[in-house]
Each structure stands twice: as C-alpha cells, then as structure tokens.
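Derivation of every value follows stated rules applied to the coordinates shown; laboratory data play no part. This is a predicted model, so every value here is computed, not measured. So basically every Cβ, Gly included, is an ideal-geometry build from the backbone, and we count neighbours across all protein chains shown.
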4 protein chains.
Amino acid sequence: MIGSGTRIPVAVLGATGSVGQRFVALLADHPWFEIAALTASDRSAGQPYGEVVSWVQSTPLPAGAVDLVVQPTEPAAATSCPMVFSALDAKVAGPAEQAFAAAGCMVVSNARSHRMDSDVPLVVPEINGDHLSLVAVDRRARAGGGAIVTNPNCSTIGLALALKPLVDAFGVEKLHVVTMQAVSGAGLPGLASLRILDNVIPHIAGEEEKIEAETRKILGTVVDGRIAEHAVAISAQCNRVPVVDGHVLCVSVALERRASIADVRGSLESFSGEPQRLQLPSAPRHPIVYLDDPDAPQPRLHREIEGGMAVVIGRLRSCPLLDFKFVALSHNTLRGAARGALLVAEQVVARGLLTGFDAVRPPAAKSPS
Amino acid sequence: MIGSGTRIPVAVLGATGSVGQRFVALLADHPWFEIAALTASDRSAGQPYGEVVSWVQSTPLPAGAVDLVVQPTEPAAATSCPMVFSALDAKVAGPAEQAFAAAGCMVVSNARSHRMDSDVPLVVPEINGDHLSLVAVDRRARAGGGAIVTNPNCSTIGLALALKPLVDAFGVEKLHVVTMQAVSGAGLPGLASLRILDNVIPHIAGEEEKIEAETRKILGTVVDGRIAEHAVAISAQCNRVPVVDGHVLCVSVALERRASIADVRGSLESFSGEPQRLQLPSAPRHPIVYLDDPDAPQPRLHREIEGGMAVVIGRLRSCPLLDFKFVALSHNTLRGAARGALLVAEQVVARGLLTGFDAVRPPAAKSPS
Amino acid sequence: MIGSGTRIPVAVLGATGSVGQRFVALLADHPWFEIAALTASDRSAGQPYGEVVSWVQSTPLPAGAVDLVVQPTEPAAATSCPMVFSALDAKVAGPAEQAFAAAGCMVVSNARSHRMDSDVPLVVPEINGDHLSLVAVDRRARAGGGAIVTNPNCSTIGLALALKPLVDAFGVEKLHVVTMQAVSGAGLPGLASLRILDNVIPHIAGEEEKIEAETRKILGTVVDGRIAEHAVAISAQCNRVPVVDGHVLCVSVALERRASIADVRGSLESFSGEPQRLQLPSAPRHPIVYLDDPDAPQPRLHREIEGGMAVVIGRLRSCPLLDFKFVALSHNTLRGAARGALLVAEQVVARGLLTGFDAVRPPAAKSPS
Amino acid sequence: MIGSGTRIPVAVLGATGSVGQRFVALLADHPWFEIAALTASDRSAGQPYGEVVSWVQSTPLPAGAVDLVVQPTEPAAATSCPMVFSALDAKVAGPAEQAFAAAGCMVVSNARSHRMDSDVPLVVPEINGDHLSLVAVDRRARAGGGAIVTNPNCSTIGLALALKPLVDAFGVEKLHVVTMQAVSGAGLPGLASLRILDNVIPHIAGEEEKIEAETRKILGTVVDGRIAEHAVAISAQCNRVPVVDGHVLCVSVALERRASIADVRGSLESFSGEPQRLQLPSAPRHPIVYLDDPDAPQPRLHREIEGGMAVVIGRLRSCPLLDFKFVALSHNTLRGAARGALLVAEQVVARGLLTGFDAVRPPAAKSPS
C-alpha cells in the first residue's frame, strides 16, 4: 500500500532537460515514488546521469541519481515501472508517449503533444480530477492497457486555478489575459540571453492559442466519456520577460452573475480541492493565496509560496471594461511543470487508477494544524 | 528668425535628474534653442553643473554645460529665457512652474503637476497641437503673460499616438491596455535594483489613473476654450519590468465602425501630423512605424527607431473579446519625456505662440528624399 | 540553560532595512533567541512592524513580528534584552551601538562602524573565535558591562574563510582578489536599478580598503589583549554586478610554503572549526564546499548551499603569476550578514560570554548522520 | 582609387550570425567597401538574406542586403571579391578560410581558427600593423595568392590596446587580468538566458588561454618573417556577466621601469597609432579614452564612446602587489569583432597589400579640429 514503505518505481523520460531535472530533484524525496530509470536522447544513453546532465537546479543533484545509467527513450527502459513521467520535448513526445502507453505504462506528461487529444485528460487536480475518468476510456482503446494523462502548459495552470472558484461561484463569460513569462518556461537552451537581457519579447509562438484552448478544456465537463469545453471567450497576449522563474498574469474577467469584490475575494481565498482533502504529498495547503500588499504578487518574492504550488493573487479591483481585474502569479517550473505533474500522478494513484494500487482514502478529520 | 543662427535662450529646471540630463544632452545640438541656465535644488546651486550632476547618459556630458553654474529653481534664474523646460520632480513642480509662468516664461513641462489643469494644454504634437490655443486663455489669466504647456506621462504618449489614427478613421470605443514599463521611467534614484532584478512589479502608483485620464484629455477637442474629453472607456494595468528604456504596451481596442486588419494597419502606417508637415527639428519622419517581424516590437532592438520619437507597432491581429489587438513600444525618456517635450516646444514656437518669435511656415513642397 | 526551552530575549536594531529584515526572518525560528524588541528610525517608531516594513524577503514576514510595536533606537528599547543585533546603517551605528553597550547589552553588529576598533573583536566563528577574549577587555572599560562584537563586511567573510585553511597549512604571503558583488550588498534602497541593469560598476566606495584591513585583522592573533594583524599583502578590486544575492571572488594567492593542488584542495575540503565542533544552531556542516564542475561556483545555483553559510569554491588551478588561483562564492546577506552575525552570537553564548548564561559543551560524539 | 567613388566588392562569410550581422550593418555605409555577396550554411543558401536572418541589431537591416540571395560558404561565392570578411563559427572557419585564401581572396577573419598560425598576422591596427608583412610570406606559400589576416579575441583586443603604451614607455613584465564579459561575446544562440540571469559564470571555455597566448603574439615583434612573442607573464580569469555588450577588465601590471601614476596616465592618454595617422574610416580619433569619474568605465554608459572603437580606462591607481591597477572597457562586438576587423581590412588596403589597389597616403597635415 502507498505510504507503507514500498514505493512505486517510476521512470523520467527526457531527464536531462530543465523539466526533467526538476522531476529528478523532486522525486528524490518523494514518499510514494522512486526513480527506477532515467531516459534521454541516444547521445546520452549508456552513460551515468551525473556525467551527461548539465545541472541547472539550485538544489544539488540527488546522490541516488548520479550513477544511474541513462537509457534510450524506449519502452524497454520502463519494464519495471507502472508509471512514467514525460519531460520530453514536444518534438519527440508524441510517438514516444504513445509507445510507453502501448507498453502498459501510465504516462504522466508535461509535454503539449497529447493535451488536446479527445481521449486524454488535461488535469489540474484541484479543478478537474474527474476528467481522469477518461483514463478508462483511453485504456480500453489501447492494446497494452496503458494511458496518457497530461499537465497543462505552464501559463495555463495558474490562470485556470485562479478562474475555477469564479466559474463555480459566479460563472465566467469573458477573459482577457496578458502574461509576463519567465525564461525557464522556454527550457534549455531555450531563449538566448542576447535576446532577452534588457528586453521584452512580446510573442511566444503558439502560447496564446494554448492558453485559449487548454483553459476551455480544463474548465469543461465530462459528458458521455468526452470533454465538453467551457464556453468562456478568451483573449490572451503572451510576453517573455527577463525573470528566471514565475509567470505573472494580468487578468480581467466578465462574470455571468453579479458579485462584489468581497464576494470574489472570498471565493478565491476559500478555494480548495481534492488534493487538499486527500492531503496528497505535493498538494499545497492553500492552492490560492491572496496578498494585500499593493505591489504583490511579484515573481522573486512570492513564487516559492506553498512550495511553488499556489497561485498567488493580488490587486483585485473593478475593471472599467469587464467586471474585475487582478494579477496572478504561478511558478512555471514547479506548479507549472514538474511538481504539478507529480500532483497529477498522485491523484491518479489516489483515485485507484494505477493498476495494482488501491485508492487512497482521505485522512480522518483532525484538528487543524 | 528661428533658423537664422541666433537661438532662443532656454533654461532647464531640475537639470540634475535623469530627465533633466536628457534635456541637457539634447539641447546641446539643438538648432533653435540654446541652454542659458540650469537649475537644481538648493543643495547643488552655486556649483558647476559638471561637478554636481551624476551623469547617467550614454552620450558624454556636453562640453558647454560642464562649467555652467547651477542656479536655484527660482524665476530669477530665467530672466533672459523666454522659454523654460521643466524636468522638476512632481513634488516641487506645481508651485515652481506657476512661479516661472507668472514671471512671463513659457514653461514646457514634463512633470505631472499641471497636466490635468483645465487651462493647461497636454500636448502630443502629432495629435492635438490645436490644444495649444489654450495658451492664449492661460496667458490672459496670468499677470506675467507666461503659460504652462505639458507633455503627457511616458506611458500615455505611446498609447495616444497609436490610438489617434484609429480614432480618426474608425472611432475608438473601448481600450484595454497592459504596460511593461522600463525602470528609467521612475527616474533617479527611482526603483531600487534589489526590487526589480529577476522580478516584475505589477503596480506603479498612480500610473493607471494617469493613463486613463490623460488619454481622454489628449484625444479630446477644444470647445469654448476648454477641453472636452474623449469618451473612450479605458482599463489600464501597469507593470514595471527589468528593462532600461522603452515601454511596451499590449493594447486591445473596440472600434465604433467596422474595419479590416488591412484598414487598421493602413491607418497606422499612413499617420502623420503637423510636426511632419512643418518638419520640426525633433519630429520623426514617421511617428508610427509598423514592423512585420512576429517578435516585434522589442525595447532593446527598436526603441531607438526614428531617434526614439516613433511609436513602434507590431502583432496587429483580431481580438476575441474586443476588435483588434496589437503591441506598441515607445521610448519613455525620449518621446516619453525630454525629446517629446522639445517637440512640443518647437510646435509652440512654430505656431507663433512664443512672444517675439514669428510662426514657422511649412517648407516648400519638394521631391521626397 | 540554552536549549531547555526558555530562549534569550533579543532586540534587532534597524529592523526595517534589508539586513534587519533578514534578522527578523531568521530569529523567528531560532532555538536560542527570541525577538523581544525591534527598533527603527523615529519615523517608524510607535507603529506595528508589519505596517512600517517594506518586506523584500522571499519568505513571509513572521507572524510573531507583525504586531510588534517598533521602538526608537535607544537603550530603553532593550531593557529586557541581554543581547541585541545591530543592522543599523553605518551612518548612525557608531554612537547607537556604544549606547547599547554602555547600558549593559552584548551588541552583535553587522555595521562597519566599530569593526576596526582595537578593543572590538571582528569575528568569523570558524576562524577566530579566540578573538572574543577581547570582550573581557572591552567590558572592563565600560561602565555598563556591555560589549560590542562585530561581523565582517560581506565580501571579506568569504575571502577570509577561503584563506584560513591555506594560512594554517601553508602560510599566505600575497593575495589578489577581484570581486563581483550582488546588489543586495548595498541594502535598501541601495543601488538604483537604472545604474546596474545591463551594466557593471567597477567601484564600491570604501570596499577595497575594508577587504584589505578586515582580512588582516581576522587572520591576526591575540597578543597581550590586542590583535596583531596578519601581514599578508592584499590587492583588492571590487565590482557591482546585476545579481540579487551572492558575491563571487576571483582569488590568486602566493603561499609561504610549497604545496600541490591536491594539498590545497585537501586543506579546503577538510576545513572545520569551533562552530562545527559545538554544533551551533546556525553552523553549516561544511564551512567550505568544493565543487568540481568547471563552471562553478555560480551565485544563482550555489548560494543557498548549507543554508547560505558555506563558502563555495571551484576552479582551483595554478596561477602563472602567484601560486594558485580559484573562485569563491559566499552569500552576502546570509553568511555575509544576518545569519553570519547569528553564528557569532551563538559562539558568544556558547563560550559563556553572555552574563547569566553558561557555556555550551560540545555534544558527545555520535555516529555521523 | 579608394575614395574616388568606386568601392571594393567584398563578401561576408557567415552573415547570419551575430557578428555577421554586425558586418552587414557596418558595411552598408562604408566608404571603401561594398557588399557583393553574403554566405551562410547550406540550410539558408538560396534564399534572400532578409528572410533567413534573425536580425538582432538595434539598427535596421540595411535595405541593400534584404534581397541579396545567400550563397553557400564556398569560394565560388566570392569570385568578384578580392576581400572577404569571415564571421564564421570556429567549428567551420578553419578549412573554409583556407579555401577562400587558396582561391586568391584576402580573408579578414574574426574567427579564432588561424589566429595562432605562425604565418598569419593577428592584428590590432594601432599596435602591430607591421605584422601584416607576414602577408607576403603567407601569399608566397599559397597557390592562389590569397592570404588570411586575423582579428584577436574580443577580450584580448581591449587588453592589448591598454597595454601597448605601457609596453612602449615602461616595459610590462607581469599582468593579472580578471574579465567580466558580455553575453554578446558568445554569439547566437550563445549563452542560454536561464544560465545567466541573476548570475555570474566564472568560466569561459578556452578564453583564458586565448588571452594569454594572443596578447603575447600581438605585442610581439617580427623577426625573420616570424613573430617573436612578447615575454610578459599573464594570469587571466574570465567571467560571464549579465551585460549585453562591453567587456570590463580589472588589470594589474608590473612594469620593467619605474613610473609614476602621472607617467602611466600620460602614456595612455597620448596613445595613437597608424589608423589615426592615416585617418582610416573606422579609426577612432582616440583609441584610448581615460575617464576621471571614480565609477567609470561602465559598459552601459561608455561602450559606445568613439563608435565602440576606443578602450575606455579608469581607476588607475597603485597596486599593493604589482605596480599599478586600472579598469578597462572595450566593446566586444564593435572593436572586439566586426568594426575592429573592418579597421584591419582598411589597414591592409591602406598599406597596399590588396592586389590591384594602391596604398593610401596619410592626409596632409591640417589644423586640429
């Protein structure tokens, strides 16, 4: 049973990139999962991870990963792993993830390749854990019994989390969002320093489309084994700014039902979801944190709140065009990538969707700490 | 006569700050104006400018200014100057500018203190040179025969310039703007480096209100010696980013009349105004420059276009919520401050509003160069 | 007894500045000390700390400090505090610290004012804890029985720590150091962002002299109740770079006795001192960490190693002019300021120098964890 | 004849990289040279330059270059060009430059591949134009009559220029240099932004060796058709910092003969060379500029002095270890790359070394302007 000491062996696909490194760092201490295999491109395969990775995390390379021999990104790498985490580049993720799923793996992916596939859930655990019911559909369609579950784009997650309580309480009709995104969102090598120092780049290829499409899918509902997308009208404008970690979003929303600022703020601050109820290992206590400081939220000061798993919101006020506007911050390589995907994986396990592992029960009620 | 060799003696008020320094640098080679006096706080008064200024411009301190003895910011400093440029901090600009106007000076101010005064024109020369007719009104009300003319806030100018052709051609009903502003906009010492490195600050005190109010005034019309403000509904959200110079604006607009993208782009690219017709010394050839590069405009690459006097626009496309959206860039300490104020001063002179100096006629038509 | 549950009440002088904030953050969880009073300038006195501080730390303002009423920086603020931490600006620290010492307080200061006083120890606990014997001398000379103990300049600490094992093992004759220092070293507001973005400033007023003088004092020996300075010849060149935290030093040394690279590296890696033996709460397990990565150490990746209390060294190699060169990194606001001063305070207590508190014994040997 | 209106047709090899772009920008207005061909990798060949280049210069792409069809980097591209500029990556420059030289071209190269070849001059025109006599040696050895002439590494040029007057006047025995280098020195894509934001990287592969070797060659003398290297002992430590353009060097020197600070400064300020005497088009009036500001030189403020062709020096003072120390700044992509290579090419032409073009005579003496 999960938590009893034995851990689930997992593989990290694409372990040398910046998101892959985050997975390795976070899995080192994970109570449920244990790294059994690391894969990378053929160029790195066959060598110890510690020698081929160009480590850029501010925590040290975990001792247990240093000597693991990197394997090619093929299903044979994961024969002992019921679950794999994909940090593959979108250029190769599509067929590679299919191959692992066909071999029976539960693939939890941070890549964009399958996010909009109709039978693949795109999950933010506090919002739409129920979309994981697609896994059964997905599984039936595959020979090997595996499935693919995806994590949204790093800028979508924060937006969707901030919207969810408003959707539930008041309905959201229209949405205008301008992002200021950190360079770590572009991975490694990612953006050349010569392009971004003393600069803003007002365009991230494909990002605006991803925000618009993914947000509607995440906020959608499962109808007859398919996702019926939410109808919110979205206008997104994405910018890259010289910040290491943390995406800032300037959001304006038009609600379906009348609400006061106090109503909106109350809905944000009281928001909680299944990961909190189940006390999943990577779940923040508060998935949304509201700050009163008029200059908040700021990436450098607030991105690490709740281990980088909260959306930090501030400056809620009336919007002269729509109804309300506010600023939201989310950590793009924690909630927006590796740790967010871990939480999805935990939810998959907790819901009993990993063959051979029982569902997790919510802890008995206890006095709040 | 202007242009014949003798130049108009001018004073720069607040000459040691960052905008004051820009005035000093730009006036060094100006064909119409000549620095006759520099003022600063009492602490600096009495000493040579070269010794008290902490020069932060990338062009050298002009030789002619090095030995000028700095004077206190009092009208006595400008007895020989029919025109003064105010780069005073808003904390002291209000009464000081009034005092110079009362002493008979034409005060061209970059400070915010009098921008929204009902009898003070707030001018972007390509847009509303006709607002300078308020000068006569202003003058009548003063004992000394002086007047105050103002330059808008650095983030408003680019926005107003980008909107003007749309207002003229199609009408603008609604406007959503998110800014990413350079640190030089906060002057010196301005923003602490510890606050902005690896960071975004999603709030600039008073800035959103200034954009909303000033834009409506600039786009307004003179009715019975007063400005009737334009009715456009504006929602602004202002951010500070780690960029040296150049404010980027993500703009969405709803137009009153139907237009195609080609219509909108045509109106932007063909835009021209009085400064271009009169070929004023600080006028850009093209006040609006449209770039096709999907990653444009960017502060570091494009802020110097047209000597920092153009608004550089890119990414014009449909907006799912309003009608169109685009990105605009303007140089906040050139068009948005010192050089923009110089252009206003040139327009004041060219329109014959500086007592003792004739109006300037447009140059005879010639074949385009 | 320390560690039994009751904690020593302490005051933080200058609690609203950036170093003062670090003290407040670090003391919130300290096992030996407890914040009893916070002082600031008269402007802030009388108001709750949470309202007057402009918090710039990435950890939240500790709940216990929010409502503490800020007091003026006068000895009356510390009547219940046998120990005070001074984060005062050097402009006011001199007389203020004297006043607290005269009132009987043990003043542990991060300010430069008294560092070079002949009767004041300047301490890096791993290097020269024995200099604390000056406290007795200092105390005798004061009416009130207090004393002042100081923490070195943020760039000196890392240098002195890196040198100490070489001094002990081989003798150090000459030293050439070029620093690249983070902006947080200049405090708040400190360096204007307009001065440092896309820039290097090759001068920090007084810093080179401080490094040269403080290093010689710290490496000196106590002779007849006075410090006899070390004779090493030092050439320092200090630069400010656009980095948030972490000073990088390029060091070349000439040794007195012949040594191989392996000898030098061995002496660095095996270095340990009294704080490690006594297992003081703020002591790093390894005060010097050597990294093999040819691109290490780097501020962003390595400044947090050992809680910011280690000097991280890399690139040890022969120097064509002197004997060896290497790169050292230390965290300027942790080891180089607040946490470093805490370690000094812990050493003061552990050595039984705080009246009323017994000395701490080293823990019994146990199996390594 | 040069200057009479007809210009020498030239090719730029590797025209799409960042140095190649600089060549294209600078050649657009050059009085002696005219772009006749642009080459790039096979991937770009056959397409218009304007379509394949990802332009990152702050001046616009020259109109004349937009429609030039890019050619493969093979000698056939330069059949009409007696001179070619190589901005090739070092990975391909070696054999490619040989091929163009074998085809009869005078190759002026910014790549490192042939810099240390015994028959290839490595030239800073103010220092060692006489090394160009190797061209005749080189030519004799080649079938095609071409030759290769090289420009030093971007960090070496500034150092060598700063040293030359000291070598001539006092002799230089030892040299310690620590560099803080801009990211543009790494080209495009060059350094990943995720590696350098909020960071310093204390290592640039191969750079320290280049500085040490190239400086000795440049300061060497021609003996019997070969370069006898200068014997100065050099210790270099190279760092990358988050600056766009401009390398800063902290230099300490030991001189062979006694000199005062005034002597050293006088030798720096009065330095001038053949490019100044011949008034070559790209020559700065003053190749060394000394600034008295205690905070100078700084990359952002001073890199553009003299069109980026001067070494800007400040902070000259005694060194406690060697004799003197100072800070030097040079623009790494202007003097340190494209414009520096242009000046070399001008010197080649002016000395009559380009077959078919007469030597240039120094202008008649005239009163100084």
key: Charge-dipole axis of chain D as Lys and Arg at +1 and Asp and Glu at -1 on Cβ define it, positive-most pick from D:Leu197, D:Leu334, D:Ala93   = D:Leu334
query = For the Cα atoms of chain C, what angle does the longest principal axis make with the long axis of helix C:338-350, in degrees from 0 to 90, nearest 10?
reply = 80
Most mobile listed residue (C:Ser109, C:Ser318, C:Ser267) in chain C, GNM with C-alpha springs under 10 Å = C:Ser318
message = For a test of the definition: using alpha carbon positions, the gyration tensor, and the 1.5 limit on a/c, classify the stretch B:147-186 as rounded, prolate or oblate.
response = oblate
Nearest-first distances (nm) between copies at D:Asp263, label 7 Å from Cα via Cβ = 3.8, 7.9, 8.5
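So how many Å³ per residue does the convex hull of the Cα atoms of the stretch C:175-233 work out to?
Working: hull volume 5.9 nm³, N = 59.
Per-residue hull volume (Cα only) is 100 Å³.
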query = Long-range amide H contacts for A:Ala192: which residues qualify at under 5 Å (H placed 1.01 Å from N, peptide plane, sequence gap of 5 or more or a different chain)?
reply = D:Ser193
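Return the subset of C:Lys217/C:Lys325; C:Lys210/D:Lys174; A:Lys217/B:Lys164 for which the Cα-Cα distance in this structure is over 32 Å, preserving the input order.
Values: C:Lys217/C:Lys325 22 Å; C:Lys210/D:Lys174 26 Å; A:Lys217/B:Lys164 39 Å.
With Cα atoms farther than 32 Å apart: A:Lys217/B:Lys164.
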message = Which residues among the stretch C:102-136 fall inside the zone where the amide N is under 14 Å from a point 7 Å beyond the Cα of C:Arg226, along Cα→Cβ?
response = C:117-120
task = Taking every Cα atom in the stretch C:73-227, find the radius of gyration and the maximum pairwise distance Dmax, and write them in Å.
result = 17.0, 52
inquiry  = Give me the one-decimal Kirkwood hydrodynamic radius in Å for the stretch D:22-86, with the sum taken over alpha-carbon pairs.
reply    = 12.3
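If we count other beta carbons within 10 Å of each Cβ, what is the order of D:Lys91, C:Lys174, fewest first?
Numbers: D:Lys91 8, C:Lys174 19.
Neighbour counts put them in this order, fewest first: D:Lys91, C:Lys174.
Helix-derived [θ] at 222 nm for chain C: sum -39500 (n - 2.57) over DSSP H runs of at least 4, divide by residue count, nearest 500? Can you show the working numbers first?
Working: 13 runs with 104 residues, N = 369.
Helix-only estimate at 222 nm: -7500 deg cm²/dmol.
Based on the alpha-carbon gyration tensor of the stretch A:278-318, what equivalent-ellipsoid semi-axes (square roots of 5 times the eigenvalues) come out, in whole Å, largest first? It would help to have the intermediate numbers written out before the result.
Details: eigenvalues 94, 28, 6 Å².
The equivalent ellipsoid of the stretch A:278-318 has semi-axes of 22, 12, 6 Å.
Can you give the charge dipole size of the stretch A:154-330 about its Cα centre, rounded to the nearest 20 debye, using +1 on the beta carbon of Lys and Arg and -1 on the beta carbon of Asp and Glu?
On the way: 18 positive and 21 negative charges, 8 e Å.
Computed charge dipole of the stretch A:154-330: roughly 40 debye.
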query = How many percent of DSSP beta bridges within the stretch B:154-330 run antiparallel, rounded to 5?
reply = 70
query = Which chain B residue sits with its beta carbon nearest the axis carrying B onto C, and how many Å away is it, rounded to a whole number?
reply = B:Ser193, 2
request  = Can you figure out the FRET efficiency of A:Glu269 with C:Ala136, using R₀ = 41 Å and their beta-carbon distance, to the nearest 0.05?
outcome  = 0.15
query = How large are Rg and Dmax for the stretch A:154-330 when only the alpha carbon atoms are used, in Å?
reply = 16.2, 51
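I'd like the FRET efficiency for C:Glu34 and C:Arg361, computed as 1/(1 + (r/R0)^6) with the beta carbon distance as r and R0 of 25 Å, rounded to 0.05. List each step's numbers first, then the result.
Details: r = 22 Å, r/R0 = 0.89.
The value I calculate is 0.65.
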message = Can you give me the long-range amide H partners of C:Glu256? Hydrogens built in the peptide plane at 1.01 Å from N, cutoff under 5 Å, separation of 5 or more residues or another chain.
response = C:Gly171, C:Val172, C:Glu173
message = If the only charges are +1 at each Lys and Arg Cβ and -1 at each Asp and Glu Cβ, what is the size of the charge dipole of the protein assembly as shown around the Cα centre, to the nearest 20 debye?
response = 0
query = Considering only DSSP beta bridges whose two residues both sit in chain B, what percent are antiparallel, to the nearest 5?
reply = 45
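Please report, to one decimal in angstroms, the Kirkwood hydrodynamic radius of chain B built from all distinct Cα-Cα pairs. Spell out each step's value before the answer.
Details: mean 1/r = 0.0482 Å⁻¹.
Evaluated on chain B, it is 20.8 Å.
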key: Fewest-first sequence of D:Glu97, D:Glu74, B:Glu306 by Cβ atoms within 10 Å of each Cβ   = D:Glu74, B:Glu306, D:Glu97
task = Hey, could you get me the Stokes-Einstein D for the stretch A:238-290, Kirkwood radius over alpha-carbon pairs, 25 °C and 0.890 mPa s, rounded to whole µm² s⁻¹?
result = 174
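Tell me the relative contact order for the stretch D:154-330 as a rounded percent, counting alpha carbon contacts under 8 Å between residues six or more apart.
Numbers: 340 pairs, mean separation 50.2, N = 177.
Relative contact order for the stretch D:154-330 comes out at 28 percent.
Which value, in Å³ per residue, describes the convex hull spanned by the Cα atoms of the stretch C:219-316? List each step's numbers first, then the result.
Values: hull volume 15.7 nm³, N = 98.
Hull volume normalised by residue count: 160 Å³.
When only Cα pairs under 8 Å and 6 or more residues apart are kept, what is the percent relative contact order across chain D? It would help to have the intermediate numbers written out before the result.
Details: 845 pairs, mean separation 59.9, N = 369.
Relative contact order of chain D: 16 percent.
Taking the Cα centre of the stretch D:81-238 as origin and charging only Cβ (+1 Lys, Arg; -1 Asp, Glu), how large is the dipole, in debye to the nearest 20? Walk me through the intermediate numbers first.
Values: 13 positive and 17 negative charges, 58 e Å.
For this selection, approximately 280 debye.
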remark   = Out of A:Asp198, A:Asp245, A:Asp29, a Gaussian network model of chain A with alpha-carbon springs under 10 Å gives the largest mean-square fluctuation to A:Asp198
task = Considering only C:Thr16, C:Thr179, C:Thr355, give the residue with the highest GNM mean-square fluctuation for chain C, with springs between Cα atoms whenever their separation is below 10 Å.
result = C:Thr355
inquiry  = Rounding to the nearest 10 and keeping the result within 0 to 90°, find how far the Cα-based axis of helix A:18-27 lies from the longest principal axis of chain A.
reply    = 80
inquiry  = On C-alpha positions alone, give me the angle between the axis of helix A:154-169 and the longest principal axis of chain A, in degrees, nearest 10.
reply    = 50
Nearest-first distances (nm) between copies at C:Pro31, label 7 Å from Cα via Cβ = 2.4, 7.7, 7.8
request  = Just need log10 I(q)/I(0) for the stretch C:1-155 at q = 0.16, 0.21 Å⁻¹, Debye formula, equal scatterers on the alpha-carbon atoms, no solvent, rounded to two decimals.
outcome  = -0.87, -1.42
message = If N is the number of residues in the protein assembly as shown, what value comes out of its Cα radius of gyration divided by 2.2 N^0.38 Å?
response = 0.95
task = Would you mind listing how long the stretch D:87-158 runs along its three principal axes, going by Cα atoms, in whole Å with the largest first?
result = 35, 28, 17
inquiry  = Using each residue's phi in the stretch A:235-242, evaluate 6.51 cos²θ - 1.76 cosθ + 1.60 at θ = phi - 60° and report the 3J(HN,Hα) Karplus result to the nearest Hz, with x for Gly and Pro.
reply    = 10, 10, 9, 10, 10, 9, 10, x
remark   = Output row for C:Gly145: copy-to-copy label distances, label 7 Å along Cα→C-beta, ascending, in nanometres, one decimal, is 7.8, 8.0, 9.9
key: Antiparallel bridges, percent of DSSP beta bridges restricted to the protein assembly as shown (to nearest 5)   = 45
task = Describe numerically, in nm with one decimal, the distance between label points set 7 Å from Cα along Cα→Cβ at C:Thr59 and at D:Arg258.
result = 5.8
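Ranked by Cβ crowding within 10 angstrom, fewest neighbours first, how are A:Cys319, B:Cys105 ordered?
Details: A:Cys319 18, B:Cys105 26.
Fewest-to-most ranking of A:Cys319, B:Cys105: A:Cys319, B:Cys105.
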